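S.K.: One structure coming up, written as structure tokens, with questions to follow.
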Amino acid sequence: MFTKSAKWYDALYSFKDYAQESAKIISLLKQEHPAAHSVLDVACGTAEHDKYLSKEYNVDGLDINQEFIQIASRKNPTGEYFCADMTSFALGKTYDIVLCLFSSIGYAKTLDGVVKALLCFEKHLNADGIIMVEPWFTPDAWSPIGRVYLLTAETPEGKVCRMNSSEQQGALSIFHFHYLVGTSAGVEYFIERHELGLFSVDDMKKAFDMANLTVRYDQKGLTDRGLYIAKRKHF
């Protein structure tokens with residue numbers, strides 16, 4: 001996870017147009033659930049989406065990274081932010097909409113983990129609520145061989161460079177993030193390892209079904225990674 005690099009996360013991902021993405025999300029949410037008022041953003045990160053969503057909804061967030069939660073709380077002070085694992089949380093609240101964006105569901109790693117996460121989402125959903133999940137790559141779309149990526153950023157506190165390679169072990173995609181961080185205190189080097197599960201569309205549909213949810217899959221989605229839109233099954 002981003003345990004060592006949390007303070008540099010926003011700078012490194014400043015290339016993302018969160019305002020435009022959030023406008024798309026809001027438009028879709030109003031189409032799918034016009035009466036919705038409350039949102040739970042699971043794996044909210046630093047709450048860049050929430051900063052915009054909170055203009056239309058009452059937004060709470062959840063992330064496993066405590067430093068992200070602190071940053072998110074400052075960006076959306078009207079929301080409540082929880083530090084918890086997406087596969088095992090109980091907030092004692094329910095919402096009209098549960099979101100899990102930016103492929104964060106991949107961090108559940110296994111199909112069993114995805115089912116556990118979806119069951120948690122379902123338990124925090126109002127009766128007529130919806131769940132939206134932006135997936136990670138499918139196994140046939142993942143090709144790590146020979147690819148190296150580089151991001152650089154600068155803030156008043158210093159400069160950061162992140163270079164990563166990737167590999168695959170079974171149904172896991174694995175990233176090795178190498179960081180160089182330069183501040184007035186000197187230059188620091190550290191590594192983070194990230195593991196995300198690779199699930200086919202059929203795998204994901206099976207997981208939603210096992211979590212008592214009916215689901216529709218949009219192949220394009222918000223950022224060309226696809227999107228699952230789910231509701232509770234009605235027996």
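S.K.: Scan region 125-142 and give yes if some residue there is hydroxyl-bearing (Ser, Thr, Tyr), in contact with a His (Cβ under 6 Å, 6 or more places away or on another chain) and not in a helix (DSSP H, G or I), otherwise no.
M.R.: No, region 125-142 contains no residue that is hydroxyl-bearing (Ser, Thr, Tyr), in contact with a His (Cβ under 6 Å, 6 or more places away or on another chain) and not in a helix (DSSP H, G or I).
S.K.: Let me ask something else about it. I need the strands (runs of 3 or more DSSP E) fully contained in region 179-235, keeping only those with at least 3 residues that are closer than 25 Å to GLU167 by Cβ and in contact (Cβ under 8 Å) with a residue 60 or more places away in the chain. Let's see the steps before the verdict.
M.R.: Values: elements: 186-197, 213-218, 227-232.
Of the strands (runs of 3 or more DSSP E) lying wholly inside region 179-235, those with at least 3 residues that are closer than 25 Å to GLU167 by Cβ and in contact (Cβ under 8 Å) with a residue 60 or more places away in the chain span 186-197.
S.K.: Still on this model: Determine, yes or no, whether ASP112 is free of Cβ contacts under 8 Å to residues at least 24 places away in the same chain, under 21 Å from PHE177 (Cβ atoms) and assigned by TED's automatic domain parsing to the domain that holds LEU12.
M.R.: Here the answer is no, as ASP112 does not meet what is asked.
S.K.: I'd like the full set of residues that are without any contact (Cβ under 8 Å) to a residue 12 or more places away in the chain and of a type in the set (Gly, Ala, Ser), limited to region 74-95. It would help to see each step written out before you state the result.
M.R.: Residues of region 74-95 without any contact (Cβ under 8 Å) to a residue 12 or more places away in the chain: 74, 77, 92.
Passing the criteria: only GLY92.
S.K.: Got at least one residue in region 162-177 being touching a helix residue (DSSP H, G or I) at 6+ places or on another chain (Cβ under 7 Å) and within 16 Å of SER5 (Cβ to Cβ)?
M.R.: Within region 162-177 (the criterion being touching a helix residue (DSSP H, G or I) at 6+ places or on another chain (Cβ under 7 Å) and within 16 Å of SER5 (Cβ to Cβ)), the answer is yes, since at least one residue qualifies.
S.K.: Among (1) surrounded by 16 or more Cβ atoms within 10 Å (Cβ to Cβ); (2) in the same structural domain as GLN31 (by TED's automatic domain parsing); (3) among the basic types (Lys, Arg), where does ARG162 come up short?
M.R.: For ARG162, the failing item is (2).
S.K.: A further question follows. Looking at (1) assigned to a helix (DSSP H, G or I); (2) buried (at least 21 other Cβ atoms within 10 Å of the Cβ); (3) of a type outside the set (Lys, Arg), which is the one condition that is false for MET86?
M.R.: (1)
S.K.: Can I ask one more? Against the condition small (Gly, Ala, Ser), in contact with a Phe, Trp or Tyr (Cβ under 6 Å, 6 or more places away or on another chain), at pLDDT 95 or above and under 19 Å from LYS206 (Cα atoms), how does GLY106 come out, does it pass? Walk me through it before giving the result.
M.R.: Details: small (Gly, Ala, Ser): yes; in contact with a Phe, Trp or Tyr (Cβ under 6 Å, 6 or more places away or on another chain): yes; at pLDDT 95 or above: yes; under 19 Å from LYS206 (Cα atoms): yes.
Against the criterion (small (Gly, Ala, Ser), in contact with a Phe, Trp or Tyr (Cβ under 6 Å, 6 or more places away or on another chain), at pLDDT 95 or above and under 19 Å from LYS206 (Cα atoms)), GLY106 qualifies.
S.K.: For THR46, indicate whether it is surrounded by 14 or more Cβ atoms within 10 Å (Cβ to Cβ), β-branched (Val, Ile, Thr) and in contact with an Asp or Glu (Cβ under 7 Å, 6 or more places away or on another chain).
M.R.: yes
S.K.: Based on what the data block shows, is GLU192 loosely packed, with under 14 Cβ neighbours inside 10 Å, touching a strand residue (DSSP E or B) at 6+ places or on another chain (Cβ under 7 Å) and more than 23 Å from LEU99 (Cα to Cα)?
M.R.: Values: loosely packed, with under 14 Cβ neighbours inside 10 Å: no; touching a strand residue (DSSP E or B) at 6+ places or on another chain (Cβ under 7 Å): yes; more than 23 Å from LEU99 (Cα to Cα): yes.
Against the criterion (loosely packed, with under 14 Cβ neighbours inside 10 Å, touching a strand residue (DSSP E or B) at 6+ places or on another chain (Cβ under 7 Å) and more than 23 Å from LEU99 (Cα to Cα)), GLU192 does not qualify.
S.K.: How about region 165-177: which of its residues are out of contact with any Pro (no Cβ under 6 Å at 6 or more places or on another chain) and loosely packed, with under 14 Cβ neighbours inside 10 Å?
M.R.: GLN169, GLY170, HIS176, listed by residue number.
S.K.: With THR155, THR223, THR214 as the choices, which residue is in the same structural domain as CYS100 (by TED's automatic domain parsing) and over 19 Å from the mean Cα position of the chain (by Cα)?
M.R.: THR214
S.K.: Would you point out which residue out of THR214, THR155 is closer than 27 Å to LYS24 by Cα, in contact with a Phe, Trp or Tyr (Cβ under 9 Å, 6 or more places away or on another chain) and of a type in the set (S, T, N, Q)?
M.R.: After ruling out the rest, the residue left standing is THR214.
S.K.: Given the conditions (1) of a type outside the set (Gly, Ala, Ser); (2) within 22 Å of GLY221 (Cα to Cα); (3) assigned to a loop (DSSP other than H, G, I, E, B), which single one is not true for PRO77?
M.R.: Among (1) of a type outside the set (Gly, Ala, Ser); (2) within 22 Å of GLY221 (Cα to Cα); (3) assigned to a loop (DSSP other than H, G, I, E, B), PRO77 violates only (2).
S.K.: Test ILE105 against the stated conditions and say whether it is in a helix (DSSP H, G or I), touching a Leu at 6+ places or on another chain (Cβ under 9 Å) and assigned by TED's automatic domain parsing to the domain that holds LYS24.
M.R.: Taking the combined requirement at face value, the residue satisfies it.
The values are calculated or read from the model by the stated rules, or taken from the named source; none is laboratory data. What you see is a predicted model, and the numbers here were worked out from it, not measured in a lab. Counting neighbours? That spans all protein chains shown, and the Cβs are built from the backbone with ideal geometry, glycine included.
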